[in-house]
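The values are calculated or read from the model by the stated rules, or taken from the named source; none is laboratory data. Since we're looking at a predicted model, the values are computed, not measured. Reconstructed Cβ throughout: ideal geometry from the backbone, glycine too, with neighbour counts over all protein chains shown. These area figures cover heavy atoms from the full protein model, side chains too; ligands, DNA and RNA do not enter into them. Shrake-Rupley method; radii C 1.70, N 1.55, O 1.52, S 1.80 Å.
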Amino acid sequence: MLKIKMKHFVCTVFKNNRGMSFISAFISISLIVVTLPFIIYAFSAIQHTQSTYEELSTQNFLYFLRDEILQASEVSSFNDKLELVIDDKTILVEKYNQVIRRRVDRQGNEILLRDVKNVKFSPRSFGILVEIEMLEGAQVEKILGFMQS
């Protein structure tokens with residue numbers, strides 16, 4: 001009797017050693033087609049997370065600045081600087097290179113917001129208008145009110 005030699009160069013998916021059939025190829029391709037949209041959605045969600053980081057950090061900065069302004073006894077603003085007096089300490093919020101930093105009595109350095117292209121503080125009768133332009137092009141404007149004594 002002839003013995004059938006096993007071929008070593010055939011793709012074997014199943015245990016019957018017959019190779020890859022049309023049905024096994026169809027199942028493999030359909031699994032790829034079904035999972036591909038989920039993979040694309042996952043990558044887009046990762047990119048969306050990076051774009052919301054800028055929005056969240058800007059909103060967090062504005063909340064922090066609002067709280068500082070409400071605590072301040074004196075508020076004065078220049079073009080790209082905001083000066084607050086809280087408990088006899090002078091707090092300066094200013095743009096430095098591509099960040100907005102906070103300094104207490106002109107000492108130290110606390111970074112409040114990164115990737116800033118331009119910032120402008122404008123006085124209003126009821127608060128301070130804060131205009132921020134980010135490096136990626138997003139622009140944010142908000143009026144932060146303060147209590148008048």
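In this structure, is T58 open to solvent by less than 90 Å² (accessible area, probe 1.4 Å), over 23 Å from E133 (Cβ atoms) and modelled with pLDDT of 90 or more? Answer is no for this residue. Of all the residues in region 119-149, those that are more than 26 Å from the chain's Cα centre (by Cα) and not in a strand (DSSP E or B) number 6.
For region 103-142, residues that are touching a residue at least 24 places away in the same chain (Cβ under 8 Å) and of a type in the set (F, W, Y) total 1.
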